[in-house]
Amino acid sequence: MTEITNSRLDDATFDAERREVLQTWSTGPDVDFEAGVRLQEALPEAKRFPLALSRADAENRTLLQPRAGVALLREHIALLNGLAPYCDVLPTTIDAYTRHNRYAEAQEGIDRSRAAGTSLLNGFPAVNHGVDGCRRLVEAVEKPVQVRHGTPDARLLAEITLCAGFSSYEGGGISYNIPYAKRVPLERSIRHWQYCDRLVGRYEEAGIRINREPFGPLTGTLVPPFVSHVVAILEGLLALEQGVRCLTLGYGQAGNLVQDIAALRSLRKLAHHYFLNAGYGDYQLTTVFHQWMGGFPEDEAQATAVICLGALVARQARATKIIVKTPHEASGVPTMEANQAGLKATRQMVNMIADQNRVDGPEINAEVEIIEAEVHAVMRQVLKLGRGDIARGAVEAFRVGVMDIPFAPAAANLGKLTPVRDNHGAIRIYDAGNVPLPRDVLAWHRDKIAERARTEGREASFNMVVDDVRAISDSKLVGRPAA
């Protein structure tokens, strides 16, 4: 593969690649871009994801969205219609086989599900159902639908679902590689997602706005805010270059109220800074807050408390959208009823605090300043490594550890950055690895970790990290040693 660059794909390159992409599975040749444009144009306003986001932002509302997907079309439609009264926008979560482009195995899962009378896949195999099946899904629901998945190569999935009327598409070449894949070269996944973004850009140029949402939580385990912010900004810049004009940047709940509020507030400000400085001005930017992505308590009441904490933070931080969890997170794929319960609990919390004053104070401002300093330090080095090109810089930054995602499986990730919680549960840096954080920021992190060590009467060590990973499942945030 030639060296990756952040440049818009020209028509000849895109069209040649498209012919190959549409031949990778039997449903691909059914894609017709002009027909997709006409279908998207005909969507009523109630089914347009970008419009729902812009209205929510303008009206200071926070939208609710669950995660949901099953193998068979009729059952998936029933599931979404069962969730629709409790949420504002709908998902279609894609199955694991499709995420890895294993469409033959996805088809076997469909066939076995039909025989068994129940879904034997952990999501909806949209590629196998094709344009016709996906179009019937969009027609059968009354709210906007987004594709949610985890796919390093999502080109065919994008072609089929956007042609069928889905109006939002999640993922990115970094966020759907480093946390999800082991041996997919980062250059390859970024290039494949440039194709997806160029496809969205072509719809934009045809007058159809499609929302794009990089995946914010990454591994969902002790991810420092600056790490996910840098990925979101990089993927946003890559998307903007390909013609995307509607972006939703995300953040995954870390657990500390002050840090989480500061993180989401800083994300929008930082994104505007980098987008505008790169010369992009005509874009729509919103935010999404992911409720807790780590281990959940098995007890439903305790799990509901975790969900409500996330709802509180998201609303205080003025997120445009919340990805809602369920009380059954610890036990596998949730039922529709469990999804409804999570949505109802979140709605109750959001409603109760909707009109309350925004929490502010010196602690939140201090966290915002730290996050901003960290993001700027890393972004400067990414741009330097890429000689001004953020695609090339991102690949090189991961190679040398300037960018490093904790607990990620990818071989492209150095894995030296080690986070740990401080005495109040905020995520701090135990070992920065090769990440170029400023000396004063690193000293601040060390002081916060030392405070916890004194409180617990033990040396700061990797044992704290292990304890923190397990803590929420034990109904705590900070992994304190047993008394």
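Computed with a 1.4 Å probe over protein heavy atoms only, the accessible surface of the range 359-457 comes to 43 Å² per residue. Computed from the C-beta positions of Glu205 and Asp111, the FRET efficiency with R₀ = 45 Å rounds to 0.70. Placing dummy labels 7 Å off each Cα toward the beta-carbon, the span from Asn365 to Arg102 is 5.3 nm. Annotation: lysines with alpha-carbon distance below 16 angstrom to Lys325 (same-chain offsets under eight excluded): Lys344.
Between the C-alpha center of the range 62-110 and that of the range 309-339 there is a gap of 16 Å. Sites listed here are GluC sites (Glu not before Pro) in the range 115-194 whose DSSP assignment is loop and whose Cβ has at most 14 other Cβ atoms within 10 Å: Glu142.
Modelled spin-label separation between Leu276 and Ser473, with each label point placed 7 Å from Cα along the Cα-to-Cβ direction: 4.5 nm.
Simple spin-label estimate for Asn60 and Ala84 gives 3.1 nm between the two label positions (7 Å along the Cα-to-Cβ direction from each Cα). Here the accessible area is traced with a 1.4 Å probe on the protein chains. For the chain, carbon and sulfur cover 49 percent of it.
Out of all DSSP beta bridges with both ends in the chain, state the antiparallel percent to the nearest 5.
15
Exactly which GluC sites (Glu not before Pro) in the range 11-60 are in a DSSP loop and have at most 16 other Cβ atoms within 10 Å? Here the sparse-neighbourhood loop sites are Glu59.
Taking the C-alpha atoms only, the angle from helix 33-42 to the longest principal axis of the chain is near 80 degrees. Identify the residues of the range 1-32 with backbone N under 18 Å of a label point that sits 7 angstrom from the Cα of Arg183 along the Cα-to-Cβ direction, or state none. Label zone hits: 1.
Which of the trypsin sites (Lys or Arg not before Pro) found in the range 108-191 are loop residues per DSSP with 13 or fewer other Cβ atoms within 10 Å of their Cβ?
Values: sites: Arg112, Arg114, Arg135, Arg136, Arg148, Arg155, Lys182, Arg183, Arg188, Arg191; in loops: Lys182, Arg183.
Passing both the DSSP loop test and the Cβ count: Lys182, Arg183.
Per-residue accessible area (protein heavy atoms, 1.4 Å probe) orders Glu204, Glu374 as Glu204, Glu374, starting from the largest. Solvent exposure of the range 58-110 amounts to 38 Å² per residue of accessible area, where only protein heavy atoms count and the probe is 1.4 Å. Rounded to 0.05, the FRET efficiency of the Ala16 and Val400 pair, given R0 = 45 Å and the Cβ-Cβ distance, is 0.85.
Quote the FRET efficiency, to the nearest 0.05, computed for Glu298 versus His424 with a Förster distance R0 of 30 Å and r equal to the Cβ-Cβ distance.
The formula returns an efficiency of 0.70 here.
Per-residue extension of 0.36 nm, minus the Cα-Cα distance of Met352 and Arg136, leaves a gain of 74.1 nm for this segment.
From its DSSP helices (H runs of at least four residues, each -39,500 (n - 2.57)), the chain gives a residue-normalised ellipticity at 222 nm of -16000 deg cm²/dmol.
Quick one: Cα centre-to-centre distance for the range 129-160 and the range 447-461, in angstrom? Using only Cα atoms, the two centres lie 48 Å from each other. Of Met349, Met379, the residue with the largest accessible area leads and the full order is Met349, Met379 (1.4 Å probe).
Per-residue accessible area (protein heavy atoms, 1.4 Å probe) orders Lys416, Lys448 as Lys416, Lys448, starting from the largest. Cross-link partners for Lys416 among the aspartates and glutamates, with Cα-Cα distance under 17 Å and sequence neighbours closer than 8 places in the same chain left out: Glu374, Glu396, Asp404, Asp431. Relative to the longest principal Cα axis of the chain, at what angle does helix 186-205 sit, 0 to 90 degrees, rounded to 10? Roughly 60 degrees, rounded to the nearest 10.
The values are calculated or read from the model by the stated rules, or taken from the named source; none is laboratory data. These numbers come from a predicted model, not from an experiment. All Cβ positions, even for glycine, are placed from backbone atoms using ideal geometry, and neighbour counts span all protein chains on display. Side chains are part of the model used for accessible areas, which takes the heavy atoms of the whole protein and leaves out ligands, DNA and RNA. Shrake-Rupley method; radii C 1.70, N 1.55, O 1.52, S 1.80 Å.
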